[in-house]
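Enquirer: Pasting a structure here, questions to come.
The values are calculated or read from the model by the stated rules, or taken from the named source; none is laboratory data. Owing to the predicted nature of the structure, the values given are computational and were not obtained by experimental measurement. All Cβ positions, even for glycine, are placed from backbone atoms using ideal geometry, and neighbour counts span all protein chains on display.
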Amino acid sequence: MQSSLMRRLSVVDLYLWAFRIVVLVVVVWGMIGTIMARRYPGEVWIDFVVYGLSQGSIYALIALGYTMVYGILRMINFAHGEVFMSGAYTAYFVAAAFGRSGYLDRNPVVSLLVVLAVAMITSTAIAVLLERVAYRPLRGSPRLVPLIAAIGASFFLQYAFRGFFGSGFQAYPETQVLKGTWAIAGISILRTQAVVLVAAVLMMLGLYAFVMRTKTGTAMRAVSEDREAAALMGIDVDRAIVIAFAVGASMAGAAGFLYALVFKQVHFFMGFIPGIKAFTAAVLGGIGNIPGAMLGGLFLGIFESAGPILFLDGLGIVAPYQLKDVIAFTMLVMVLIFRPSGIMGERLVVKKA
Amino acid sequence: MKRMRIPIALVVALMVAGGPYFVPAAPAATVGPVTDPVGVVKIAKGASLTIAYWMVVAGPDASLGIDTRRGAEIAIADKGGKLLGHPIKLIGEDSGCNAEGGVTAATKLAANKAIVAAIGSNCSSEAVPGAPILWKAGIVTVSPSNTAPKLTAPDRGPTYDGYLRTAHNDKVQGRVAAEFAYKVLKLKKAATVHDGSPYAEGLQGVFTETFKKLGGTITAQEAISPTDTDMRPMLTKIAVGKPDMIYYPIFISAGGHITRQAKEVSGLANVKLMGADGMFSPDFMKAAGDAAVGMYHSSPDLSPEALGPAYKVFQEKHQKKYGEKPLAPFHAHAYDAAMMIFAAIEKVAKKDAAGNTYIGRKALRDALYATKNFKGLTGTLTCDKYGDCADPKIAVYQTLSADTAKWDPGKNPKKIYP
């Protein structure tokens, strides 16, 4: 009986089970340790969640671009982090001009909307250009080829911005109306973070409605299900792909603007880490799946913000925030091992090789 | 076959890990009139004498490297651009303020046999792996701004034999910062943050030790990674311990984020903020914005009372040459490092009848270590046997305005201690 069981369980299975148990024990032990210590009052946990949601909604907006391009082309656009950077960086010049002239504080709503528009338009323009110049000529080639092209495009954009604007950072001007906090339902929340949350939710709802309700959105979904069949039905495949790139990039541009609103510093390399984190979020939620990317981003944000305390502090690990990235990427590894299609599942109608 | 893969992977991994250290060691040599166990540099008549810098001249911490490079450039100009009849050529590499950048810069410089000596690095994280690479190639390096205690600790090992510094040891800076917090500000509870770099970790360690010894309490010793942007969760954790002060001796980008975000976290609205010399730059004022007003920095004392009239002359030259105030606190240390190197070269170089110059590398290193009562801008320098040459003078500054146009160390940020 036992020997037959042993035969059925391969070494890999045993290893994975052991891994699952170890992870579970560590997580539960850490959580119990933290909760039993009662060092952190309830308000602190609410703060962690709010910080996590605001960071996570930025990840989610960027993740949408990864997921839309993957859904339609089965390709990871590794230059997407740089698309995010280029929007934020270019919009800085407008924001700085507004800041210097004092217009930013006289008309904060108008000027922030203009800055947002500049960020979104720049990102969109760059992504559409990238698609035309770097990806479309390679569309028929093996899957690895556009991937390498994307990495090349990513370097190109980074060093182009470095060449034009220098290797240092630029600081966005402070917006006076967004300083301080608002009390919403008894929770005091930073104004910038409230704006980020609201804007991100609106963007995501808009995107979802666009993909699910409009004719263009339907065409995009059709292309992502079966490109040849969609073409035979009279759908302009190239147009659907360009629109997927453009919409994803405009979300990245908006994310760049929101990022700059919260963190103020922009530099040529700023897209790298958020890009990787957003890619993690997209995989976490199930790549190719639009609600999955949103959920994955929010999840990742909350885990990064509360995870170090929740899991590591209780284990007696000092300075747990140094290990924030470890938590984020461990989560990615765990998802890839135990649920390779992500939380919401990869949305593929036909399994593709 | 499957079994073979592991050893091969191991070998590859070892090669990758050990790669930068495969710099050929300098052989003992006799060239012209000079015999030296580490090697000899020959400079033909009329050819230039090469000095290298490895500093952070790009990226968010570029102000640190540009500041020290200017110090070295002014030293060369003061020498009339010539040493022993050879024009001085200053070449250099960006070292990125991290270990990888330090290894890359040092490996590139180590391959250049013409380099007589180097000035650098800026960040201690670069020097920890970089200095041994240079010394393996026989290049002695003098750092103007590395302050981590472990670089000149007695147990640092022979691979650091070619390393010296004109910057203060953080044993001094951490102590001054802690004494200021406890005795002058009369604070009893402090929290610290470091970024995992040898500089920040060492400095907050000394601060913590001194602060506890004085009778204070350390409520938390947190850490972040230098590329982090969202510090609020970490600050929220710190706020739970209710500190009176946060000491975060890190670098410009992450330091700017902490400064901006600290006041936004509930419970930290009245906490005092203090940084160190790594963020003492107008670029930090840009990164932190108005949130920097009121915060403290420990940094080398560059006031006229501490440094005397020679520094005033230097400042005038600096203003004339670059049209702005120094960007960071280590230009004078870089000037001294360059002058110390020039003095040592003059001491050991030998000329032959044809006018060629020969410099023994070990002899140069020994001459630098033998530096005694050297009158520099930063004081009277004497090197101990572990390469600490500084005459350390640390002050505490308070920022009055975050406007980078008003940057004038001593007035803004204003020197308030001692």
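Enquirer: Return yes or no: is A:V318 within 14 Å of chain B (Cβ to nearest Cβ) and farther than 23 Å from A:V50 by Cα? If you could, list the steps in order and put the result at the bottom.
Expert: Numbers: within 14 Å of chain B (Cβ to nearest Cβ): yes; farther than 23 Å from A:V50 by Cα: yes.
For A:V318, the condition - within 14 Å of chain B (Cβ to nearest Cβ) and farther than 23 Å from A:V50 by Cα - is met.
Enquirer: Something else now. Counting residues that are closer than 28 Å to B:G379 by Cβ, which helices (runs of 4 or more DSSP H) fully inside the range B:89-202 reach at least 3? Give the derivation first.
Expert: Working: elements: B:99-110, B:124-136, B:170-179.
Qualifying helices (runs of 4 or more DSSP H): B:124-136, B:170-179.
Enquirer: Considering only the range B:283-336, how many residues are aliphatic (A, V, I, L, M), in a helix (DSSP H, G or I) and under 12 Å from B:P413 (Cα atoms)? Before the answer, list the steps.
Expert: Going through the range B:283-336, the residues aliphatic (A, V, I, L, M) turn out to be B:285, B:287-288, B:291-293, B:295, B:302, B:306-307, B:310, B:313, B:327-328, B:332, B:334.
If we keep only those that are in a helix (DSSP H, G or I) too, we end up with B:285, B:287-288, B:291-292, B:306-307, B:310, B:313, B:332, B:334.
Those still in the list that are under 12 Å from B:P413 (Cα atoms) too: B:285, B:292.
Qualifying residue count, the range B:283-336: 2.
Enquirer: Still on this structure, please answer the following. Here is a list: B:K286, B:K272. Which entry is within 23 Å of the chain's Cα centre (by Cα) and surrounded by fewer than 24 Cβ atoms within 10 Å (Cβ to Cβ)? Lay out the reasoning, then the answer.
Expert: Numbers: B:K272 fails: within 23 Å of the chain's Cα centre (by Cα).
The match here is B:K286.
Enquirer: Within the range A:31-54, take every residue that is of a type in the set (G, A, S) and at pLDDT 85 or above and give me the one that is surrounded by the fewest Cβ atoms within 10 Å (Cβ to Cβ).
Expert: As a first pass, look at the range A:31-54 and keep what is of a type in the set (G, A, S): A:33, A:37, A:42, A:52, A:54.
Narrowing the set further to residues that are at pLDDT 85 or above leaves A:52, A:54.
Working: A:G52: 23, A:S54: 25.
Across the range A:31-54, the extreme among qualifying residues is A:G52.
Enquirer: Just a yes or no: is a residue in the range A:5-27 touching a Lys or Arg at 6+ places or on another chain (Cβ under 6 Å) and within 14 Å of chain B (Cβ to nearest Cβ)?
Expert: So in the range A:5-27, the residues touching a Lys or Arg at 6+ places or on another chain (Cβ under 6 Å) come out as none.
Within the range A:5-27 (the criterion being touching a Lys or Arg at 6+ places or on another chain (Cβ under 6 Å) and within 14 Å of chain B (Cβ to nearest Cβ)), the answer is no, since none of the residues qualifies.
Enquirer: So, one more: Among the residues that make up the range B:385-402, is at least one of them surrounded by fewer than 20 Cβ atoms within 10 Å (Cβ to Cβ) and among the small types (G, A, S)?
Expert: So far as the range B:385-402 goes, yes, one or more of its residues are surrounded by fewer than 20 Cβ atoms within 10 Å (Cβ to Cβ) and among the small types (G, A, S).
Enquirer: Looking only at residues that are within 14 Å of another protein chain (Cβ to nearest Cβ) and over 21 Å from the mean Cα position of the chain (by Cα) in the range B:289-329, which one is surrounded by the most Cβ atoms within 10 Å (Cβ to Cβ)?
Expert: Here is the first cut: in the range B:289-329, the ones within 14 Å of another protein chain (Cβ to nearest Cβ) are B:289-293, B:327-328.
In the following step, the residues that additionally are over 21 Å from the mean Cα position of the chain (by Cα) were identified as B:289-293.
On the way: B:G289: 18, B:D290: 16, B:A291: 22, B:A292: 24, B:V293: 17.
Only one residue fits best here, namely B:A292.
Enquirer: Taking the range B:350-409 on its own, how many of its residues are in a loop (DSSP other than H, G, I, E, B) and on the phi > 0 side of the Ramachandran plot? Please lay out each step first, then the result.
Expert: Residues of the range B:350-409 in a loop (DSSP other than H, G, I, E, B): B:352-356, B:370-373, B:377-378, B:382-387, B:389-393, B:399-403, B:407, B:409.
If we keep only those that are on the phi > 0 side of the Ramachandran plot too, we end up with B:355, B:373, B:387.
Number satisfying all stated conditions: 3.
Enquirer: If B:E264 passes every condition in (1) in contact with a Pro (Cβ under 9 Å, 6 or more places away or on another chain); (2) at the interface with chain A (Cβ under 7 Å from one of its Cβ atoms) but one, which one does it miss?
Expert: (1)
Enquirer: Please enumerate the residues belonging to the range A:321-338 that are within 24 Å of A:V50 (Cβ to Cβ) and not charged (D, E, K, R).
Expert: At the first step, the residues of the range A:321-338 found to be within 24 Å of A:V50 (Cβ to Cβ) are A:321-332.
Within the range A:321-338, A:Y321, A:Q322, A:L323, A:V326, A:I327, A:A328, A:F329, A:T330, A:M331, A:L332 meet the criteria.
Enquirer: Does B:G71 count as modelled with pLDDT under 90, in the same structural domain as B:S125 (by TED's automatic domain parsing) and either closer than 21 Å to B:K136 by Cβ or not aromatic (F, W, Y) (or both)?
Expert: Details: modelled with pLDDT under 90: no; in the same structural domain as B:S125 (by TED's automatic domain parsing): yes; either closer than 21 Å to B:K136 by Cβ or not aromatic (F, W, Y) (or both): yes.
No; evaluated as a whole, the condition is false for this residue.
Enquirer: Looking for whichever is within 18 Å of B:I394 (Cβ to Cβ), surrounded by 24 or more Cβ atoms within 10 Å (Cβ to Cβ) and within 14 Å of chain A (Cβ to nearest Cβ) here; the options are B:A200, B:A190, B:A177. Which one fits?
Expert: Working: B:A190 fails: within 14 Å of chain A (Cβ to nearest Cβ); B:A177 fails: within 14 Å of chain A (Cβ to nearest Cβ).
Unique residue meeting the criteria: B:A200.
Enquirer: Which ranges mark the helices (runs of 4 or more DSSP H) fully within the range A:44-152 that have 3 or more residues being in contact (Cβ under 8 Å) with a residue 24 or more places away in the chain and not charged (D, E, K, R)?
Expert: Answer list for the range A:44-152: A:80-101, A:108-130.
Enquirer: A further question on this structure: Please go through the range B:224-249 and pick out each residue that is crowded, with 24+ Cβ neighbours inside 10 Å, within 12 Å of chain A (Cβ to nearest Cβ) and assigned to a loop (DSSP other than H, G, I, E, B).
Expert: Listed by number, the residues that qualify are B:I224, B:M231.
Enquirer: Sticking with this structure for a sec: Of everything in the range B:213-223, what is away from every other protein chain (no Cβ under 13 Å) and more than 12 Å from B:R175 (Cβ to Cβ)? Give them in sequence order.
Expert: In the first step, residues of the range B:213-223 are kept if they are away from every other protein chain (no Cβ under 13 Å); the result is B:213-217.
Correct list: B:G215, B:G216, B:T217.
Enquirer: Checking the structure you have, find out if any residue of the range B:376-396 is more than 17 Å from the chain's Cα centre (by Cα) and of a type in the set (F, W, Y).
Expert: Within the range B:376-396 (the criterion being more than 17 Å from the chain's Cα centre (by Cα) and of a type in the set (F, W, Y)), the answer is no, since none of the residues qualifies.
Enquirer: Pick out the one residue from A:A91, A:A95, A:A60 that is within 13 Å of the chain's Cα centre (by Cα) and of a type in the set (A, V, I, L, M). Write out each step before concluding.
Expert: On the way: A:A91 fails: within 13 Å of the chain's Cα centre (by Cα); A:A95 fails: within 13 Å of the chain's Cα centre (by Cα).
Among A:A91, A:A95, A:A60, only A:A60 is within 13 Å of the chain's Cα centre (by Cα) and of a type in the set (A, V, I, L, M).
Enquirer: What pairs come out if I take residues in the range B:217-232 that are farther than 23 Å from A:G316 by Cβ and pair them with residues that are in a loop (DSSP other than H, G, I, E, B) whose C-beta lies under 6 Å away, six or more apart or interchain?
Expert: Close Cβ pairs satisfying both conditions: B:P226/B:D195; B:R232/B:V265.
Enquirer: May I pose another question? Within the range A:101-109, identify whether any single residue is within 30 Å of A:G140 (Cα to Cα) and among the charged types (D, E, K, R), and answer yes or no.
Expert: Looking for residues that are within 30 Å of A:G140 (Cα to Cα) and among the charged types (D, E, K, R), one finds none in the range A:101-109, hence no.
Enquirer: If you don't mind, there's one more thing I want to ask. Report the residue count in the range B:48-82 for those that are within 13 Å of chain A (Cβ to nearest Cβ) and outside any helix (DSSP H, G or I). Reasoning before the result, please.
Expert: First, pick out the residues of the range B:48-82 that are within 13 Å of chain A (Cβ to nearest Cβ): B:56-66.
Cutting the leftovers down to outside any helix (DSSP H, G or I) gives us B:56-61.
Residues flagged as within 13 Å of chain A (Cβ to nearest Cβ) and outside any helix (DSSP H, G or I) within the range B:48-82 amount to 6.
Enquirer: Against the condition within 25 Å of B:P329 (Cα to Cα), touching a Pro at 6+ places or on another chain (Cβ under 6 Å), crowded, with 24+ Cβ neighbours inside 10 Å and within 14 Å of chain A (Cβ to nearest Cβ), how does B:D195 come out, does it pass?
Expert: yes
Enquirer: Turning to a different aspect of this structure: With the condition kept exactly as written, say whether any residue in the range B:332-345 is surrounded by fewer than 24 Cβ atoms within 10 Å (Cβ to Cβ) and within 14 Å of another protein chain (Cβ to nearest Cβ).
Expert: no
Enquirer: Any chance you could count how many residues in the range B:138-163 are on the phi < 0 side of the Ramachandran plot, buried (at least 24 other Cβ atoms within 10 Å of the Cβ) and out of contact with any Ser or Thr (no Cβ under 7 Å at 6 or more places or on another chain)?
Expert: Selection size over the range B:138-163: 4.
Enquirer: Do we find that B:P233 is under 15 Å from A:P41 (Cα atoms) and modelled with pLDDT of 90 or more in this structure? Don't jump to the end; show me each part of the working.
Expert: Numbers: under 15 Å from A:P41 (Cα atoms): yes; modelled with pLDDT of 90 or more: yes.
Taking the combined requirement at face value, the residue satisfies it.
Enquirer: When you scan the range A:242-272, how many residues do you find that are in contact with a strand residue (DSSP E or B) (Cβ under 9 Å, 6 or more places away or on another chain) and over 29 Å from B:P233 (Cα atoms)? Before you say what the answer is, go through the steps one by one.
Expert: Applying the first criterion (in contact with a strand residue (DSSP E or B) (Cβ under 9 Å, 6 or more places away or on another chain)) to the range A:242-272 yields A:256, A:259-260, A:262, A:264-267.
Still in the running and over 29 Å from B:P233 (Cα atoms): none.
Number satisfying all stated conditions: 0.
Enquirer: Collect the residues in the range A:29-51 that are among the aliphatic types (A, V, I, L, M) and farther than 19 Å from A:G301 by Cα, keeping them in residue-number order.
Expert: Initial filter on the range A:29-51 (among the aliphatic types (A, V, I, L, M)): A:31-32, A:35-37, A:44, A:46, A:49-50.
A:I32, A:I35, A:M36, A:A37, listed by residue number.
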